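Below is one structure, written out as structure tokens; comments come after it.
What follows is calculated from the coordinates using simple rules that are stated; it is not laboratory data. On a predicted model such as this, the values are computed, not experimentally measured, just so you know. With ideal geometry, Cβ positions are generated from the backbone for all residues, glycine too; neighbour counts draw on all protein chains shown.
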Amino acid sequence: MATKRKSTRRSSGESGSTLYGALAGLLIGLIVAAVVAFYVTKAPVPFVDRASRQGDTGKLPDPRQAPDPNAGLYGRDGAAGA
């Protein structure tokens with residue numbers, strides 16, 4: 001009852017198709033990665049344009065004339081050590 005199976009040979013077009021598919025996938029992936037890298041390097045970087053502008057050339061306030069930020073923490077007698 002046991003029947004012998006004939007071994008089927010692959011035609012010459014089928015041999016190595018997995019290898020060719022893997023190489024094609026790697027090639028396509030490399031091309032996509034190169035395109036993305038080129039796009040990212042040529043894209044404008046945020047905040048660079050704002051930082052490169054000349055700021056306000058006005059005079060800065062004198063820090064000695066600034067209000068005391070610890071005035072609310074002083075007791076009845078004023079600043080410690082005074």
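Measure off 7 Å from each Cα along the Cα-to-Cβ vector at Leu19 and Arg76, then give the distance between these two points in nanometres to one decimal.
Placing both labels 7 Å beyond Cα along the Cβ direction yields 9.6 nm.
Would you mind computing, in nm to one decimal, how far apart the modelled labels at Leu30 and Leu60 are, each placed 7 Å from Cα along Cα→Cβ?
Placing both labels 7 Å beyond Cα along the Cβ direction yields 5.4 nm.
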